[in-house]
Amino acid sequence: MKKNLIKIAYSFAEERHYGQVRKGNKGIPYFEHIKEVVALVKISSTKKNDSIIIASYLHDVVEDRKATRKEIKDLFGHDVVELVEEMTDKPFCSEAERRSNQIMAAKIMSVDASLIKLADKISNLENLFHDPPISWSKKEIIDYIKWGQEVVNNLPYKDMKLMKRFDKICFQLNKKLSSN
């Protein structure tokens, strides 16, 4: 039953993110980010269950694509909707408030949400390395890296395998920026 829900979550997220693209120059479909997050969660050394995989697919659908709590709960259950809510930014915030809220929220995230959040930050930073947003200045990229590090530093649980990858991409980005 749960394996079928993983396929449904994949399709639900793919449909909801249809037409959405990453901020970089290459026009990469946003759903690629979703698949990267799921792949990172799957390769982590943390014990996983199907709810974590499903929530990884859905982690941005409320915030970015206006899926509702009710939709997610009805389709995927209480555990999944709770994880998705932990990952969802508060609506109608300025960018500064959103970033501050994420730093504070990271401190009280569950183990499962911490894993998804770490995977999300890795995917975002790797995308920033390979295809930075067109309009971002060097300072904006540096600020984003620092913010990502603050969020991750506040997570109560950090998968060691994923932390190595997180540290590596932060190092690579900082090296790339210092050479420009």
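The values are calculated or read from the model by the stated rules, or taken from the named source; none is laboratory data. Quantities reported herein were computed from a predicted structural model and do not represent experimental measurements. Please note: Cβ atoms are built from the backbone with ideal geometry, for glycine as well, and neighbour counts cover all protein chains shown. Protein only, heavy atoms only, side chains kept; ligands, DNA and RNA dropped before computing areas. Shrake-Rupley method; radii C 1.70, N 1.55, O 1.52, S 1.80 Å.
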**OP:** Towards the positive end of the charge dipole of the chain, with charges on Cβ (+1 Lys, Arg; -1 Asp, Glu), say which of V151, L162, S51 has the farthest Cα.
**Re:** L162
**OP:** Provide I134, I43 ordered by accessible surface of protein heavy atoms (probe 1.4 Å), highest first.
**Re:** I134, I43
Original post:
Of S137, S114, which has the most accessible area and how do the rest follow, probe 1.4 Å?
Top reply: S137, S114
Subject >> Share of pairwise Cα separations in the chain, more than 27 Å, in percent >> reply: 23 percent
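For the stretch 1-56, what does the alpha-carbon gyration tensor say about shape, rounded, prolate or oblate, given a ≥ b ≥ c as the root eigenvalues, a/c under 1.5 as rounded, and a/b over b/c as prolate?
Oblate shape, in that a/c is at least 1.5 and b/c is the bigger or equal ratio.
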Subject >> Å² of accessible area per residue within the stretch 32-180, as computed with a 1.4 Å probe and no ligands counted >> reply: 50 Å²
Original post:
Using a 1.4 Å probe on the protein chains only, how many percent of the accessible area of the chain belongs to carbon and sulfur?
Top reply: 56 percent
Original post:
Using helices alone, what [θ] at 222 nm do you get for the chain, with -39,500 (n - 2.57) per DSSP H run of 4 or more residues, divided over all residues and rounded to the nearest 500?
Top reply: -22500 deg cm²/dmol
Original post:
In the structure shown, do any of K35/K117; K7/K42; K35/K175 have a Cα-Cα gap over 19 Å, and if so which?
Top reply: K35/K175
**OP:** Excluding residues on the same chain fewer than 8 positions from K73, give the aspartates and glutamates whose Cα lies under 13 Å from its Cα.
**Re:** E82, E85
